[in-house]
Amino acid sequence: MTGAIEIYVDADACPVKDEIYRVAYRHEVSVAVVSNSHLRIPDHPLIRRVVVSDAFDAADDYIAERVGSKSVVITADILLADRCIKSGAVVIAPNGKPFTPNSIGAAVATRAIMADLRAGMGSENIGGPPPFTKNDRSKFLSVLDEALVRLKR
C-alpha cells in the first residue's frame with residue numbers, strides 16, 4: 001500500500017458502486033473494483049477492474065492482502081471487514097454502517113449465531129438483512145465522504 005488513499009470494493013453484490021464512483025471522482029481517489037467475474041465499470045483513470053478467480057474467498061483475500069491505513073473497504077462481508085480492520089483500513093457496509101474495532105467483535109459473533117440458527121432451522125425460517133433503501137444509499141454517501149475527508153487530513 002502506497003501513501004495514496006484507495007477504495008477497495010467487494011463488488012460482486014455491491015449495490016452502491018455508482019455512488020462510490022461519484023465520491024471517488026470528487027475526491028480524486030482511485031477505486032479497485034474486485035470481483036469474481038467481469039463487471040462493467042466506468043472508463044475512467046481512477047477506476048480499475050480486478051477480476052480474481054472464482055475460488056472461495058479469492059476476492060476477500062485479494063482485498064485483505066492489499067489494504068492498510070490509507071484504504072477504505074466497501075463490503076457487507078463481516079469476516080472480510082474484520083480482516084481489513086486488523087490491517088488498519090476504514091471499512092463501510094453498503095448501507096452506510098461503519099465497521100469499527102469496537103463493533104466488529106459483536107458483528108462476527110452475531111454472524112456466527114445466525115449461521116448456526118440457519119443451519120439448525122433452515123434458511124426459510126430466519127430472515128435475511130432488511131431491504132436496501134434510499135436512506136441506506138444516502139447514509140452510505142455521507143459516511144464514505146466523511147471517511148475520505150478524515151483520511152486526507
Filter result for the condition that a residue is at pLDDT 90 or above, surrounded by fewer than 19 Cβ atoms within 10 Å (Cβ to Cβ) and in a helix (DSSP H, G or I), over Arg137, Arg111, Arg118:
Arg137
Within the set of pairs 6 or more residues apart or between chains, which connect a residue that is under 17 Å from Cys14 (Cβ atoms) inside region 42-64 to a residue that is crowded, with 19+ Cβ neighbours inside 10 Å and among the acidic types (Asp, Glu) with Cβ atoms less than 8 Å apart?
Ala59/Asp10; Asp60/Asp10; Asp60/Asp77; Ile63/Asp10
Give the number of residues within region 1-12 that are more than 19 Å from Lys152 (Cβ to Cβ) and over 10 Å from the mean Cα position of the chain (by Cα).
1
Mind listing just one residue for me: the one in region 16-69 that is basic (Lys, Arg) and under 29 Å from Asn135 (Cβ atoms) and, of those, nearest to the chain's Cα centre (by Cα)?
Lys17
Is it the case that region 98-106 has a residue that's under 12 Å from the mean Cα position of the chain (by Cα) and either closer than 24 Å to Asp145 by Cβ or buried (at least 18 other Cβ atoms within 10 Å of the Cβ) (or both)?
yes
Those residues that are farther than 18 Å from Ala24 by Cα and of a type in the set (Val, Ile, Thr), I need them from region 36-77; list them, please.
Val51, Val52
Any residue that is buried (at least 20 other Cβ atoms within 10 Å of the Cβ) and under 17 Å from Val143 (Cα atoms) - is there at least one of those in region 55-71?
yes
What do you reckon, is Ala76 of a type in the set (A, V, I, L, M, F, W, C), surrounded by 12 or more Cβ atoms within 10 Å (Cβ to Cβ) and modelled with pLDDT of 70 or more?
yes
Go through region 1-21 and count every residue that is outside any loop (DSSP other than H, G, I, E, B) and surrounded by 15 or more Cβ atoms within 10 Å (Cβ to Cβ).
9
Here are some residues: Pro98, Pro131. Which one is closer than 22 Å to Lys152 by Cβ, modelled with pLDDT under 95 and not aromatic (Phe, Trp, Tyr)?
Pro98
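The values are calculated or read from the model by the stated rules, or taken from the named source; none is laboratory data. Worth saying up front: this structure is predicted, and the values here are computed from it rather than measured. So basically every Cβ, Gly included, is an ideal-geometry build from the backbone, and we count neighbours across all protein chains shown.
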